[in-house]
1. Name the single residue that is nearest to K293 (Cα to Cα) among those in region 318-342 being assigned to a helix (DSSP H, G or I), of a type in the set (S, T, N, Q) and more than 14 Å from the chain's Cα centre (by Cα).
2. Give me the residue from region 258-297 that is hydroxyl-bearing (S, T, Y) and surrounded by fewer than 17 Cβ atoms within 10 Å (Cβ to Cβ) and, out of that set, nearest to the chain's Cα centre (by Cα).
3. When you scan region 71-185 for helices (runs of 4 or more DSSP H) that lie fully inside it, which ones turn up with 2 or more residues that are under 16 Å from S338 (Cα atoms) and in contact with a Pro (Cβ under 9 Å, 6 or more places away or on another chain)?
4. Answer yes if at least one residue in region 397-405 is open to solvent by less than 10 Å² (accessible area, probe 1.4 Å), at pLDDT 80 or above, within 18 Å of I300 (Cα to Cα) and within 20 Å of the chain's Cα centre (by Cα), and no otherwise.
5. Could you check region 142-160 and list, in sequence order, the residues that are hydrophobic (A, V, I, L, M, F, W, C), farther than 16 Å from F36 by Cβ and touching a Lys or Arg at 6+ places or on another chain (Cβ under 9 Å)?
6. Of all residues in region 383-394, how many are touching a residue at least 60 places away in the same chain (Cβ under 8 Å) and surrounded by fewer than 16 Cβ atoms within 10 Å (Cβ to Cβ)?
7. Pick out the one residue from F134, F156 that is open to solvent by 10 Å² or more (accessible area, probe 1.4 Å), in contact (Cβ under 8 Å) with a residue 40 or more places away in the chain and either touching a Cys at 6+ places or on another chain (Cβ under 9 Å) or of a type in the set (F, W, Y) (or both).
Amino acid sequence: MSQMESIPVQPSTQPLTPVEFDPTKTVLPVIGAVSFVHLLNDLIQAILPSIYPLLKSDYALSFTQIGMITLAFQMTASLLQPGIGLYTDKHPKPYLLPTGMLFTLCGLVMLALASNFTWLLIASAMIGLGSSTFHPEASRVARMASGGRFGFAQSFFQVGGNAGSAFGPLLAAAIILPQGQGAIGWFTLFAILGFTVLFNVSRWTIRSRASLKSTKKNPHFAHLSREQIAGALTVLAILVFSKYIYMAAFTNYYTFYVMEKFSTSVADAQLLLFVFLAAVAVGTFAGGPIGDKVGRKAVIWISILGAAPFTLLFPYCNLFWTAVLSVVIGLVLSSAFSAIVVLAQELVPTKIGMISGVFFGLMFGISGIAAAGLGAIADATSIEYMFDLCAYLPLIGIVTVLLPAMKRN
């Protein structure tokens, strides 16, 4: 397949004849397609935290119950991902991508019609199930189409999700908050669009399969022992731990924080959340290409540990500087994830799906557990105290020093 061949807009009924695939060329239409659906997928996911104030009011929920909703979503979105990735490494299932979007569609319908806390939990879990089937395979497809520009492809893919997370609160504020819970049904249109695009991506993957099977998978870091690789993966997991607990505080409770501390309106709080998430999107896109040029370890150093001075200052700022620092923190902290995922994939290049599933699953799992735990802390103390505690998390980035020296063959 040439670099400029585009994905058909409508599913074709013609036989799926093999096409030439050159693994040294970047296939931008394919990377763009999975990034676009990542935007739709994460936009849908962003509905949940965006409507928490509405649900909290309508169902008289506590912060702990809010955290449990997030936990229900994150656990299904995380626990299944490594297993799905490992299975598809051995038994490729291209049509798993559009199938996952069908789970998301069902979850949206259930969320729009839910009448009690139990159904809110079930709907959230169903949306998480759709996410768990999307991320490992979509990340693999982005890497397939990267042409060797792995950091760029992973960032392009990831920034779609970050953009969706940023626009989700705005659309929720414009559509759901004024009209109520039933307006969630409008978001099913995004799920249907995502299904259509992913169906065509799956067709491209099937047509390219013969060439992809013959692609060489030589290790980038063959000089490292099994113990060193395991140690490096553990360090990367710890870095994800520190990053996503802090991110969980922002994505789930930032609106409550500014509303309580500065008495802002719900709409203004959603706008501030959008500004933070937009900064996260920009930082994510920058991190991958920079890592391709200067090295992934350098990006990780700067991203996680470099955010610490700003997070420590954050609880002591007025509203203006709170908004400014949220942008800085979003930019700096978010640039690490693409570098972490690509570095992990390079450490275990024969299990791309499993590694993608582990790290995306770890991201969701930590976020879910953290959301529940942070909600309990906020209930027991205050939302401001909870943010004070989280300010120290980026200091864990010092463990980057334990990553072994990595010299490519």
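1. The extreme case among them is S326.
2. Of everything passing the filter in region 258-297, S265 is nearest to the chain's Cα centre (by Cα).
3. Once the helices (runs of 4 or more DSSP H) in region 71-185 are filtered for at least 2 residues that are under 16 Å from S338 (Cα atoms) and in contact with a Pro (Cβ under 9 Å, 6 or more places away or on another chain), what remains is 117-144, 150-171.
4. Checked region 397-405: at least one residue is open to solvent by less than 10 Å² (accessible area, probe 1.4 Å), at pLDDT 80 or above, within 18 Å of I300 (Cα to Cα) and within 20 Å of the chain's Cα centre (by Cα).
5. Hit for region 142-160 is F150, nothing else.
6. The qualifying residues number 3.
7. F156
Residue-by-condition table, conditions (1) surrounded by 24 or more Cβ atoms within 10 Å (Cβ to Cβ); (2) at pLDDT below 80; (3) assigned to a helix (DSSP H, G or I):
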site: F195; (1), (2), (3): no, no, yes
site: F199; (1), (2), (3): no, no, yes
site: L212; (1), (2), (3): no, yes, yes
site: E227; (1), (2), (3): no, no, yes
site: A232; (1), (2), (3): no, no, yes
site: L236; (1), (2), (3): yes, no, yes
site: I245; (1), (2), (3): no, no, yes
site: A249; (1), (2), (3): yes, no, yes
site: N252; (1), (2), (3): yes, no, yes
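The values are calculated or read from the model by the stated rules, or taken from the named source; none is laboratory data. As the structure is a computational prediction, the values presented were derived from the model and not from experiment. Cβ: placed from backbone, ideal geometry, glycine included. Neighbour counts: every protein chain shown. These area figures cover heavy atoms from the full protein model, side chains too; ligands, DNA and RNA do not enter into them. Shrake-Rupley method; radii C 1.70, N 1.55, O 1.52, S 1.80 Å.
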